[in-house]
Every structure is written in C-alpha cells, then in structure tokens.
1. Cβ contacts < 8 Å: first residue at pLDDT below 90 and among the aliphatic types (A, V, I, L, M), restricted to the range 458-474; second residue in a helix (DSSP H, G or I) and surrounded by 14 or more Cβ atoms within 10 Å (Cβ to Cβ), any location; separation 6+ or different chain. Result?
2. Please work out which residue is surrounded by the most Cβ atoms within 10 Å (Cβ to Cβ), limiting yourself to the range 92-127 and to residues that are under 14 Å from Gly52 (Cα atoms) and touching a Ser or Thr at 6+ places or on another chain (Cβ under 7 Å).
3. Give me the residue from the range 358-379 that is at negative phi and more than 25 Å from the chain's Cα centre (by Cα) and, out of that set, modelled with the highest pLDDT.
4. Do we have any residue at all in the range 391-399 that's more than 18 Å from the chain's Cα centre (by Cα) and part of a loop (DSSP other than H, G, I, E, B)?
5. Based on this model, can you work out whether Val224 counts as out of contact with any Leu (no Cβ under 7 Å at 6 or more places or on another chain), outside the structural domain of Gln387 (by TED's automatic domain parsing), at pLDDT 75 or above and surrounded by fewer than 15 Cβ atoms within 10 Å (Cβ to Cβ)?
6. What is the residue count in the range 300-325 for residues that are farther than 14 Å from Asn263 by Cβ and surrounded by fewer than 18 Cβ atoms within 10 Å (Cβ to Cβ)?
7. Which residue is farthest from the chain's Cα centre (by Cα), if the candidates are limited to the range 304-332 and must be among the polar types (S, T, N, Q) and assigned to a helix (DSSP H, G or I)?
8. Please find, within the range 134-159, the residue that is farthest from Leu233 (Cα to Cα) out of those that are at pLDDT below 85 and part of a helix (DSSP H, G or I).
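The values are calculated or read from the model by the stated rules, or taken from the named source; none is laboratory data. Keep in mind the model is a prediction, meaning the values are calculated, not measured. Virtual Cβ from ideal backbone geometry, glycine too; neighbours counted across all protein chains shown.
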Amino acid sequence: MDAFKNALPPEGGAKPAQNPAKIMEPIPRGRLFLALTAVFCLLLVDTLVFHGPAAGLTAAVFAWYALLLAWLGPGFLLPPSSRVLFLFDLFLGLTFALGSNWYFRLWNLLALLVLLPLHALSVTGRLPWWRPAMLWERLRLLFRGLFGRLSAPFAVLTAGKRAKDSRRAWTVAAGVCGALALVALLLPVLASADALFAAATEGLRSFIRLHFTTALWELLWGLVLTPFVFGLLVSLRSPGPDTAAKAPKTDSLAFVLVLAALNLLYLLFLGVQSAGLFGGPDYLAARGISYADWARSGFFQMVGVTILNLSVLLSALTFSRREGRAWKALRLLSALLAVESLVLLASACWRMTLYVSAYGLSFKRLMTYWGMVMMALFLLAALRKVQRPDFSFCRAAFPLALAGWLVINCVPVDYLVAKNQVDRYLSGESAAIDAEYLLYDLSYDTLSQLERLDGNLICQDWRNGGQRRLSVLVSQRRAEAAAECADWHTWSLSACLAAGRT
C-alpha cells in the first residue's frame, strides 16, 4: 500500500495555498473524469432519490467502483483487505437486484454508505483497518474531501490552453440548464393565466410533467452533487495525516471494581434466571407470573446487556496498564464476565425458542437469533484477547461482522418465516395466522407460501382499505411485483420470480 501511495501523482508543491488550477494540471484526462463523475452522480440521484434502492442502486455501486478503479488504477486493490472489501461491497450492491425485503434494503444501504467511503479513503488513510480510531480518521478525511476541494471541477474546466473554450462551454451549459428550468417553471403559470394558451400547450405540458420535470430535477441534483464527489476523488491523490497515536493507559483498579460489580450482579441474575428456566410453569405460577409472559420477555434486553458487557470488557483490556496484581485480577474478572455473557445469551436463546415454539417465527425473531450468534462469536474473540492481550479484537471482529452480514443476506429469511407460520396454521398448531404481516411487512418471497392457504380467507387490505379475499390480495401483490420489474430501476429477482408466476 505504501508503494502504491508513493506512486500517486503529487497534488502540487509543498505549499498548501497553491492555485487550484495548478493542482489540477498533473491529473491526466481531468475533464473526462469530471464528465464520468457527473454521469455517476446523475445515475446515483436517478436511482436512489427518484426510484428507491433496487436494481438501479446495484448499477450505481458497480459504476462507482468502475470510476474509482479508472481514477486510481488497479493498485487500489493490491492489499488483500481491499480486495475482500471490494467483493463484499459488490455483493451488497447486488442484493438490491436480488431481494425485495425492505428491511435488508435499508440496512444494506446504510452499510454501503459507510463501507464505500471507508474503502475509498483507505488510499489516503494511515491507520490500519483493524484500529477503531480508523473510523474517526476516515470520517475526517471524508469531510475534508467532500468540502475541501469544491473548486476542483472549475479548476479542471479552466486549466490548460483551452481555458477560454472551457469557460465558454461551462457558460453555455449553465445557460441551457437555466433556460430549461425557467421554461418548465413558467409554462404551467402562463397556462393557468390563459385558458386558450392552456389548451394550446396541453400536450407539451403533459409531456413535461411526465418526463421532463423529473429529468430536470435529476440533472439539477446531479450537477449539485458532482463538485463534492469529484473533490473527494481529487483528495484521494494526496496522503492523509499520520494519526496513529497509542491509546492512553490508566490504573487497572478502577476497571477491576467495575468488573467485580458487574460479575456479582450477573451471578445473582443468572441464579434467579435458572430458577425460572428449570422450575417451569408451576414454579412461576406459584409466584403469580405467567409462563408465557415470562418466556416472551427479556431476550432483546439480554442482547443489549451483552453488547454493554463487551464494550466494558474491551475498554478495560485496552486502557488499563498491564502491570501488577490489579492487571491479573482484571484479566480474571474479564474472562468471568465474558463467560457470564455467553450464559446470558444462552438463556436469551432458550427463552426465544420457547416463545417461537408458542407463537412461531417472525422477521425480528429470526434476526434476533442471528444477532445472538454474532454476539457469541464476538465474546469468543474477546476471550481470546483476555488470553492474549496483544491480540487485536477488531482485526477479528470486523471480518466476522462482514461475513455474518453476508451470510444472513444469503438466507431466505422471509420465505422461512412464511413457511413456519403457514405450516403451524395448517397443522393446527396455531389457531390464527397474520396474513397481512406476511403480505405487506415482508417481501414477495412470502407469496408462494401464502398460496398454500385457503384463498377465501378474509384479510385486511392495508393498501386500499377494506377487506379482501386472500387470493385477491396475493394477485395484487404479484401485480405490484410485475410493475417493479417493468422498470430497470426497481427490478429485482425476487419481484421477477413473483411476477412470473401470475
């Protein structure tokens, strides 16, 4: 990576107050890359703002990496970690064209908004990816790139021998955009002022409403976004600051007291928990507690408590001085806290299983199972750090998190939830089924399972109001899937499969 950074062309001289035009001169094909950046920004605005995250966002992610590789060259992918993150981001982008679950689309979008800048800024960042401080460094580099090089597009357009022609082209483009915007704005105003003019321009105004107005807004937002994105690309050619400072250390005794208190509290809690787990309904009934209410509460809280425990444990191991008896006591208490946290997770998993056996799977319950597995893996990594204090927890946890998210994106969660609910209903294990939840809260993957039910089942129509037969609502959802597949922006494999079975 160092060799690659040194191979990048310098930004300019040593003085930071150089003329922006001179900074842009060493960039080969600067105008071409500026045009490609503008095209990418138009695609991003068109797919994300005006059509929502679907196949269009997949195209935007692939276009971003095509632009980045053309700008930085193949050396960008020389480090193994860069290649892994490159493939992971491409897969996340591909999920928008494969699935139709809006939960995953939202979470994957948020993940990409974090991972794509982190990956690009690894070129100028100095801290390795397994250092938590890397996130703060990359955030500062991101804001510096987005807002610190806004003059870069104008410097590229006005640089060189053809500066006069470039300024004229820029002026013409700005004038055309301004003229189109004013015509689109004034035409409906004039039509409302004169009925004859309104009748004469009805066709033109309809065409503008259907096509031109949206395109104009897309063009406007794309041009507004271009200087920020191009400035970020320009910033990738300059090295970032060296901020690899060591974490401060403090006396271990304070952490020892905190860990001791937590361990005692959890020992008491687990003692009470075991009485409920092994005592059964009779034990709880004798104390005026419903077994169903007890079983269906607490697992979300236990996951949150485990996250807190993990944070305290890692903070203690990271910021404590590694000397004396206090350090030995801290490691012992940290190991005990990790083991207790694993037992808490097992207790939460047991109670979740009791609840699922009574009420069936849902999207949140299945994702809670996944969260418990991930937390257990993180706690095992923390135990490894207790055993070997020099072991980098983040170096293990970050790949685990990416791999875990990759796996759950490959699991047909909605299909499994629908199959479980329908199986329970058809077998008589459940007296009712929430068909509206499966229809509207989850993706098109549930439709094949809903068709196993009686089509005359009456359900609430959340979209249009009133009540409809289940078969009618399933047909409506398949029609919605067909409508999404008709536009490449909103196309997805899940919708395509649902529409193909109508």
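1. Ile458/Leu470
2. Result: Phe96.
3. Here the residue is Tyr359.
4. So far as the range 391-399 goes, yes, one or more of its residues are more than 18 Å from the chain's Cα centre (by Cα) and part of a loop (DSSP other than H, G, I, E, B).
5. Working: out of contact with any Leu (no Cβ under 7 Å at 6 or more places or on another chain): yes; outside the structural domain of Gln387 (by TED's automatic domain parsing): yes; at pLDDT 75 or above: yes; surrounded by fewer than 15 Cβ atoms within 10 Å (Cβ to Cβ): yes.
Spelling it out, Val224 is indeed out of contact with any Leu (no Cβ under 7 Å at 6 or more places or on another chain), outside the structural domain of Gln387 (by TED's automatic domain parsing), at pLDDT 75 or above and surrounded by fewer than 15 Cβ atoms within 10 Å (Cβ to Cβ).
6. Qualifying residue count, the range 300-325: 13.
7. Per the criteria, the residue is Thr318.
8. Taking the range 134-159 first, the residues at pLDDT below 85 are 148-159.
If we keep only those that are part of a helix (DSSP H, G or I) as well, we get 148, 152-158.
Details: Gly148: 11, Ala152: 10, Pro153: 11, Phe154: 14, Ala155: 14, Val156: 13, Leu157: 16, Thr158: 18 Å.
Selected residue: Thr158.
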